[in-house]
Amino acid sequence: MEEGSGANLWIEWAKLEVAQVRGEMYAPPVPHQEYAGLLVSLTRQEWPDTSSFDDPELVWRLHKHHHVGLIVCSTDYFH
């Protein structure tokens with residue numbers, strides 16, 4: 001959600017709660033319209049090498065024992 005819209009739902013929820021306690025108005029951020037996807041999988045390799053994935057749409061990598069994970073984000077649905 002955060003990569004595709006620019007809004008971290010946990011942070012926005014906290015801002016909403018704080019604004020409510022203080023009696024203030026809450027205004028959510030203006031979302032940007034992008035497409036994002038998440039891939040997470042178990043691997044046989046202890047620390048899989050994802051360095052061959054170097055596309056500009058790749059915005060995040062998971063670094064976890066026996067896992068591979070990537071988030072891609074683009075303004076173009078078909079890219």
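Please treat every number below as a calculation from the coordinates, not as lab data. Note that the coordinates shown come from a computational prediction; the quantities given were computed from them, not determined experimentally. Cβ: placed from backbone, ideal geometry, glycine included. Neighbour counts: every protein chain shown.
Details
- Flag if GLY69 is in contact with a Ser or Thr (Cβ under 8 Å, 6 or more places away or on another chain) and of a type outside the set (Phe, Trp, Tyr): yes
- From GLU24, GLU3, GLU12, GLU17, residue being farther than 22 Å from ASP76 by Cα, among the acidic types (Asp, Glu), in contact (Cβ under 8 Å) with a residue 12 or more places away in the chain and out of contact with any Gly (no Cβ under 7 Å at 6 or more places or on another chain): GLU12
- Of residues in region 26-63 being charged (D, E, K, R) and within 30 Å of LYS15 (Cα to Cα), the one surrounded by the fewest Cβ atoms within 10 Å (Cβ to Cβ): ARG61
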